[in-house]
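Enquirer: Provided herewith is a single structure, encoded as structure tokens, for subsequent inquiry.
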Amino acid sequence: MPRQTDPKNLERLLEAAADLFLVEGYDGASMQQLADSVGLHKSSLYHYVSGKEDLLGKLTSEAQSDAETNMAKAEAKDNKREALIDALTFAIDQTLNDLGKVSLVLRQKPDSVTGEQITERRREHDRRLSAIIEAAQTSGD
């Protein structure tokens, strides 16, 4: 299990990993490439994460948690049209601002424990968005 060190370094590492995974793909990226991109020795990475799958889990969990938080805010609105606008606006903003993380969520296949978790959370998000769309259609707001 990796020991936790400076949170700023972890955030820098996660940002670099998201960028690397976006360019190389998850399977094509290596821990050595990541180490090189942040100016660390490969062994130093393991003070922050246990490996590539741990990086994937942290990145996708962060992106999905942000989406879930904002979905809950949209769902809480009384005006269903506003709820739909808010949900879609957040999705667009998140995609534009966190493309690396969002692409990991959308591209990941359920061929690992992490992949299955990502897929299940994505399905739940899609279900909730569909419910907002249906509510907006029937509400007349």
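The values are calculated or read from the model by the stated rules, or taken from the named source; none is laboratory data. Note that the coordinates shown come from a computational prediction; the quantities given were computed from them, not determined experimentally. Ideal geometry is used to build each Cβ from the backbone, glycine not excepted, and the neighbour counts take in all protein chains shown.
Enquirer: Got a sec? Which of A35, A76 is free of Cβ contacts under 8 Å to residues at least 12 places away in the same chain, within 20 Å of D93 (Cα to Cα) and more than 19 Å from the chain's Cα centre (by Cα)?
Expert: After ruling out the rest, the residue left standing is A76.
Enquirer: While we're here: Within segment 64-73, is even one residue assigned to a loop (DSSP other than H, G, I, E, B) and within 23 Å of R121 (Cα to Cα)?
Expert: No, segment 64-73 contains no residue that is assigned to a loop (DSSP other than H, G, I, E, B) and within 23 Å of R121 (Cα to Cα).
Enquirer: Among the residues of segment 46-62, write down those that are surrounded by fewer than 20 Cβ atoms within 10 Å (Cβ to Cβ) and either among the basic types (K, R) or free of Cβ contacts under 8 Å to residues at least 60 places away in the same chain (or both).
Expert: Across segment 46-62, the qualifying residues are Y46, H47, S50, G51, K52, D54, K58, S61, E62.
Enquirer: Among the residues of segment 70-77, are any surrounded by fewer than 15 Cβ atoms within 10 Å (Cβ to Cβ), in contact with an Asp or Glu (Cβ under 8 Å, 6 or more places away or on another chain) and at pLDDT 95 or above?
Expert: The answer is yes; a qualifying residue exists.
Enquirer: Here's something else I'd like to know. Out of all the residues in segment 87-108, is one or more assigned to a loop (DSSP other than H, G, I, E, B), over 18 Å from A18 (Cβ atoms) and in contact (Cβ under 8 Å) with a residue 40 or more places away in the chain?
Expert: No - not one qualifying residue is present in segment 87-108.
Enquirer: Please count how many residues of segment 30-45 are surrounded by 14 or more Cβ atoms within 10 Å (Cβ to Cβ) and assigned to a loop (DSSP other than H, G, I, E, B).
Expert: 1
Enquirer: R81 is checked against (1) in a loop (DSSP other than H, G, I, E, B); (2) at pLDDT 90 or above; (3) of a type in the set (K, R) and fails just one. What number does that condition carry?
Expert: (1)
Residue-by-condition table, conditions (1) touching a helix residue (DSSP H, G or I) at 6+ places or on another chain (Cβ under 8 Å); (2) at positive phi; (3) not polar (S, T, N, Q):
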{"site": "A72", "(1), (2), (3)": "no, no, yes"}
{"site": "D93", "(1), (2), (3)": "no, no, yes"}
{"site": "D111", "(1), (2), (3)": "no, no, yes"}
{"site": "T114", "(1), (2), (3)": "yes, no, no"}
{"site": "Q117", "(1), (2), (3)": "yes, no, no"}
{"site": "E120", "(1), (2), (3)": "no, no, yes"}
{"site": "R123", "(1), (2), (3)": "no, no, yes"}
{"site": "L129", "(1), (2), (3)": "yes, no, yes"}
{"site": "S139", "(1), (2), (3)": "yes, no, no"}
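Enquirer: Filter segment 42-76 for residues that are closer than 27 Å to I132 by Cα and touching a Leu at 6+ places or on another chain (Cβ under 9 Å) and give the result.
Expert: Hits for segment 42-76 are L59, T60, E62, A63, M71, A74.
Enquirer: Sort through R3, R12, R107 and tell me the only one that's modelled with pLDDT under 90 and farther than 30 Å from I132 by Cβ.
Expert: Every option except R3 fails the conditions.
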